[in-house]
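Worksheet: one structure, shown below.
What follows is calculated from the coordinates using simple rules that are stated; it is not laboratory data. Computed from a prediction, not measured in an experiment: that's the story for all the values here. For neighbour counting, all protein chains shown are included, and Cβ atoms are generated from backbone atoms with ideal geometry for every residue, glycine included.
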Amino acid sequence: MPSEPSPVPERPSVDGLEARWLAQWEHEAVYRFDTTATRETVYSIDTPPPTVSGSLHIGHVFSYTHTDLLARFWRMRGRDVFYPMGWDDNGLPTERRVENYFAVRCDPSLAYDPDFVAPEPAAGRGEKRAISRKNFVELCQLLTARDEEAFKELWTHLGISIDWSLEYATISPLAQAVSQRGFLEMVARGEVYSSVAPTLWDVDFRTAVSQAELEDRERPGATHRVAFALESGGTLEIETTRPELIPSCVAIVTHPSDERYRHLIGTNAITPLFAVAVPILAHELADPDKGTGAAMVCTFGDLTDVTWWRELGLPTRALIGRDGRFAPADFSSDEFPSREPAAARARYEELAGKTVNQVRATVVEALAATGALLGEPRAITHPVKFYEKGERPLEIVTSRQWFVATLAHRAELLARGDELDWHPDYMRHRYASWVEGLNVDWNISRQRFFGVPFPVWYPVHGDGAIDYDHPIFASLDALPVDPSSDVPPGFDESQRGQPLGFVGDPDVLDTWATSSLSPQIAGRWGSDLFDRVFPMDLRPQGHDIIRTWLFATIVRSHFEHHRLPWAHAVISGWILDPDRKKMSKSVGNVVTPMPLLEAHGADALRYWAACGRPGADTAIDEAQMKIGRRLAIKVLNVTKFVLGRLDGPTSLDEVTEPLDRDLLGALAELVDEATADFEAYDAARALERTEAFFWSFCDDYVELVKLRAYGDGDEPTTRSARAALAAAVSTLTRLLAPFIPFATEEAWRWWHEDSVHRAAWPNPSEFSHEPLDDVGSIAGPVGVVLEAIRRAKSTAKVSQRAAVARVVVTATPSVIGALVSAEGDLAAAGSVGSFDYLDGDELAVEVELATE
RNA sequence: GGGCGCUUAGCUCAGUUGGUUAGAGCAGCUGACUUACACUCAGCAGGCCGGGGGUUCGAGUCCCUCAGCGCCCACCA
């Protein structure tokens with residue numbers, strides 16, 4: 001749908017370009033993916049589906065612009081660019097946002113209320129109203145739909161060249177079906193398993209989390225030195241930061257080579273306060289240099305406890321419940337075999353039902369009172385494991401979870417990382433160190449509500465017990481299923497929860513277990529489209545999610561397709577605030593993009609983003625945005641000038657003047673370099689080169705040939721200048737099109753019917769039918785003389801139009817030849833009366849200004 | 001503890017495989033209303049390239065080492 005070229009305005013402006021061209025692009029379907037394209041011609045992008053949690057961030061502008069630069073480059077190179085958009089709307093961030101926004105909480109035991117009306121936004125205050133799971137999910141969908149509109153508005157306004165017909169959402173039925181199929185395929189191949197195991201647990205969200213979602217935070221704590229009585233007499237001292245776990249102590253470990261304790265190995269210690277006998281054992285992980293060298297093993301204080309518990313075959317005395325409070329325990333039972341059951345029971349009654357912090361205070365007090373606490377607790381700051389979105393330290397609780405067997409495939413996954421092209425390359429180390437450091441399989445179960453359900457049911461025995469060992473899986477053709485409302489094959493709804501009936505798996509999949517299938521979701525896995533776009537060319541993403549999204553996507557593709565999901569990964573850096581501090585909500589320095597976009601324009605923001613090197617942290621810099629805006633304005637003005645000189649089509653054969661041919665040669669080199677930069681995924685470098693060339697073109701070349709271009713349209717010298725100017729403007733506009741799509745489109749459409757964004761990327765062979773040698777041999781010396789003339793006038797504080805009586809140049813014969821060939825242009829640009837030349841090795845220029 | 005990155009002009013950054021006197025933009029200063037552009041143009045000034053050592057005819061660039069900043073990973077009692 002080409003349109004007639006639009007008229008060149010009297011005063012070109014970058015204001016208002018966005019509205020005009022966005023509408024036109026939409027109308028012309030400029031960014032539409034050709035769904036019949038074959039894999040060889042496709043360039044496919046695994047676009048990051050942003051977490052739709054409500055707030056736009058300037059970082060979004062940064063990284064999505066980087067991707068768009070590549071999309072536009074490859075599109076102009078003739079590839080069919082598959083550039084979809086996804087929304088990661090399922091998962092905890094959305095749930096939390098919905099809870100706060102509407103002041104509700106999900107209670108899965110409630111029945112669906114079909115007449116439920118979304119409450120007014122409540123700003124997170126007051127009592128949260130309990131609603132059913134289905135009503136809760138509906139609110140999640142309501143809110144994410146609104147948020148997605150805001151994101152879409154930003155992408156569109158920024159000129160991100162997404163094909164919106166390829167939009168997807170991770171909570172959509174399609175994504176759910178793909179996610180569930182991915183799970184079932186792994187089940188069939190034996191790559192997932194369910195087990196009851198100690199699991200990292202967030203006590204506020206009340207869900208298991210995976211190793212990938214952990215983060216360490218420095219927290220104040222205290223080490224307590226505690227004396228355990230020995231069965232053989234005497235005491236053994238340990239140090240602990242978690243004295244509240246003494247009632248769940250199951251052993252004490254020391255290093256096998258530690259002479260201080262070797263004689264105690266195999267004997268028992270007696271826990272203080274609770275008088276439970278625990279064995280003293282040896283294990284390599286016990287560090288003689290930490291604390292007293294003897295460590296208390298509890299079920300469970302940290303992941304090391306889990307290792308000791310597993311490897312030493314220790315009993316389980318789990319006390320911390322899913323709500324983070326101490327559960328009831330019977331200290332006269334086999335599980336808690338106290339030697340003083342009455343006293344232990346009495347002590348524990350004080351603790352049951354309390355939070356970790358409350359119990360700690362009570363236990364420390366009691367230890368001090370009984371003399372088991374040695375000295376004062378010593379305050380320390382130490383790293384504590386948190387769920388990355390959590391507010392209280394993680395606990396380890398035992399629960400049934402589904403796991404993906406990643407550990408068994410560590411070597412293959414490392415090899416996949418080696419195989420991938422990383423931009424910048426050093427980011428590969430992040431992946432490798434993460435994979436090398438994996439210590440538990442990937443837990444993909446979450447005890448939450450707004451997510452993709454496991455397509456799994458369990459039979460119920462006659463006695464009402466659930467048979468987890470014989471799960472019933474959905475069939476692939478039934479997907480997506482919701483086991484809480486759908487019924488497994490061979491059952492009917494009346495048997496739900498009944499003896500000899502079934503129950504649905506109540507959990508949802510980890511959000512990464514779905515988004516790790518983004519290539520399969522966007523590519524409509526199972527349709528013929530998938531083979532046209534997969535494996536994809538590009539995965540753009542932030543470095544903070546290498547261990548989650550990037551890793552998980554490789555895992556899934558490796559298992560499912562035995563190959564990498566993409567050839568290249570481009571990793572964006574952080575956005576820093578103008579003071580080079582990392583932005584965070586808690587600091588309150590998060591910058592939202594819309595005001596900047598309105599103040600400077602899309603091209604200006606894109607320019608700023610494009611200047612950021614791959615992987616490099618970049619500060620918000622409004623000065624840089626202004627430079628981008630200036631560049632956009634200059635493109636309009638120089639195009640206006642050149643088009644004003646043209647009286648019809650030009651031909652390269654008309655470029656006969658040496659200075660003009662020199663320009664074409666330089667253009668050819670520029671195109672070569674910019675193309676190579678883009679192919680190496682370094683758009684910033686391509687911009688830097690192109691921009692430098694463009695400004696020197698405007699300030700030097702255009703000034704030199706301006707008067708010649710104004711001349712008689714039948715003169716060969718005039719036609720030469722005009723043809724060279726046209727070729728240069730055409731080329732530079734296209735080279736700049738990925739960066740400043742609005743201004744380049746505006747200027748391009750003054751003399752073309754079709755979008756510059758569908759125009760062919762420049763090719764060096766466009767510039768001449770003959771070889772262009774010695775590039776710069778004319779422009780170089782000419783530039784030196786021009787600069788000398790300008791300097792003389794500036795120093796004399798006269799106008800650049802002031803007349804020059806005579807210029808004397810000393811140079812070698814070949815340089816003099818070059819200058820003579822461009823003497824007319826130099827004379828015109830510098831208002832020079834006459835030139836004289838002297839032979840000499842060093843280029844020297846003497847300028848004699850004309851006297852009034 | 002292991003690893004990665006950064007450190008170049010007041011600021012933000014280029015500097016590709018080692019090769020003349022280290023570049024750009026911004027900010028600063030001095031000028032110019034110049035028929036595409038005052039949202040412009042010209043010019044000037046500004047640098048022990050983090051410190052130290054080495055390799056080399058030659059080092060911002062390669063090697064070693066130290067320091068500061070940032071990040072990743074780690075079994076954190």
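Using only Cα atoms, find the angle between the long axis of helix A:622-645 and the longest principal axis of chain A, and express it within 0 to 90 degrees, rounded to the nearest 10.
Here the helix axis deviates by roughly 30 degrees.
Per residue of region A:141-148, in order, report the coupling 6.51 cos²θ - 1.76 cosθ + 1.60 (Karplus, θ = phi - 60°) as ³J(HN,Hα) in whole Hz, putting x for Gly and Pro.
With coefficients 6.51, -1.76 and 1.60, one gets 5, 4, 6, 5, 4, 5, 5, 5 Hz.
Ranked by Cβ crowding within 10 angstrom, fewest neighbours first, how are A:594, A:583 ordered?
By the 10 Å Cβ count, ascending: A:594, A:583.
In degrees between 0 and 90, to the nearest 10, how far off the longest principal axis of chain A does helix A:551-561 point, with axes built from Cα atoms?
It is inclined by approximately 90 degrees.
Could you work out the relative contact order of chain A? I mean the mean sequence separation of Cα pairs under 8 Å and 6+ apart, divided by the number of residues, in percent.
Details: 1581 pairs, mean separation 123.9, N = 852.
In percent, rounded to a whole number, it is 15.
Among A:323, A:463, which comes first, then next, by fewest other beta-carbon atoms within 10 Å? List each step's numbers first, then the result.
Details: A:323 14, A:463 7.
So the residues, fewest neighbours to most, are A:463, A:323.
Skipping prolines and chain starts, which residues have an amide H placed within reach, meaning under 5 Å, of the one on residue A:292, given they are 5 or more residues away or on another chain?
The answer is A:239.
Would you work out the charge dipole size for region A:763-841 about its Cα centre, treating the Cβ of every Lys and Arg as +1 and the Cβ of every Asp and Glu as -1, and quote it to the nearest 20 debye?
Taking the Cα centre of region A:763-841 as origin, the dipole is about 760 debye.
Show which lysines lie in cross-link reach of residue A:793 when reach means a straight Cα distance below 20 angstrom and same-chain residues fewer than eight apart are skipped.
Candidates past the 8-residue exclusion: A:706.
Could you sort out which of A:389/A:582; A:152/A:626; A:290/A:385 sit more than 21 Å apart by Cα distance in this structure? Could the numbers behind the result be given before it?
On the way: A:389/A:582 17 Å; A:152/A:626 25 Å; A:290/A:385 19 Å.
Over 21 Å Cα-Cα: A:152/A:626.
Would you mind working out the magnitude of the charge dipole of chain A relative to its Cα centre, with +1 at each Lys and Arg C-beta and -1 at each Asp and Glu C-beta, to the nearest 20 Debye?
Working: 83 positive and 127 negative charges, 462 e Å.
So the magnitude is around 2220 debye.
Work out the charge dipole of chain A with +1 on the Cβ of Lys and Arg and -1 on the Cβ of Asp and Glu about the Cα centre, then indicate which of A:494, A:555, A:576 is farthest towards its positive end.
Checked the options; the winner is A:494.
May I ask which residue of A:420, A:433, A:396 lies farthest towards the positive end of the charge dipole of region A:363-445, with charges of +1 (Lys, Arg) and -1 (Asp, Glu) on Cβ and the Cα centre as origin?
Most positive-ward Cα: A:396.
Per residue of region A:604-616, what does 6.51 cos²θ - 1.76 cosθ + 1.60 with θ = phi - 60° give for ³J(HN,Hα)? Whole Hz please, x for Gly and Pro, Karplus curve as stated.
Result, rounded to whole Hz: 5, 5, 5, 4, 4, 4, 5, 6, x, 5, x, x, 7.
Residues with beta-carbon under 11 Å from that of residue A:119, excluding residue A:119: net charge, scoring Lys, Arg +1 and Asp, Glu -1?
Within the 11 Å Cβ shell, the charges total +1.
Restricting the count to DSSP beta bridges whose residues both fall in chain A, what percent are antiparallel, rounded to a multiple of 5?
Working: 62 of 95 bridges.
The answer is about 65 percent antiparallel.
Can you tell me the dipole magnitude for region A:800-852 around its Cα centre, using point charges on the Cβ only (Lys, Arg +1; Asp, Glu -1), in Debye to the nearest 20? Don't skip to the end; give the middle numbers.
Numbers: 2 positive and 9 negative charges, 46 e Å.
The dipole of region A:800-852 has a size of about 220 debye.
Net charge around residue A:792, counting only other residues with Cβ within less than 15 Å of its Cβ (Lys, Arg = +1; Asp, Glu = -1)?
Combined, the nearby Lys, Arg, Asp and Glu give +3.
Among A:336, A:696, A:87, whose Cα lies farthest out toward the positive end of the dipole of chain A, if unit charges sit on the beta carbon of Lys, Arg (+1) and Asp, Glu (-1)?
Working it through, the farthest residue towards the positive pole turns out to be A:336.
Mind listing the phi-derived Karplus ³J(HN,Hα) values for region A:735-745, rounded to whole Hz, using 6.51, -1.76 and 1.60 with θ = phi - 60°, and x for any glycine or proline?
Result, ordered by residue: 5, 8, 4, x, 8, 10, x, 7, 5, 5, 5 Hz.
Which order do A:693, A:739 fall in if you start with the one that has the fewest other Cβ atoms within 10 Å?
Ranking A:693, A:739 by Cβ neighbours within 10 Å, fewest first, gives A:693, A:739.
For chain A, find the longest principal axis of its Cα atoms and tell me its angle to the long axis of helix A:92-102, 0 to 90°, nearest 10.
It is inclined by approximately 90 degrees.
Would you tally the net charge around residue A:774, using a Cβ to Cβ cut-off of less than 12 Å, leaving residue A:774 out, and scoring K and R as +1, D and E as -1?
Once positives and negatives cancel, what remains is -2.
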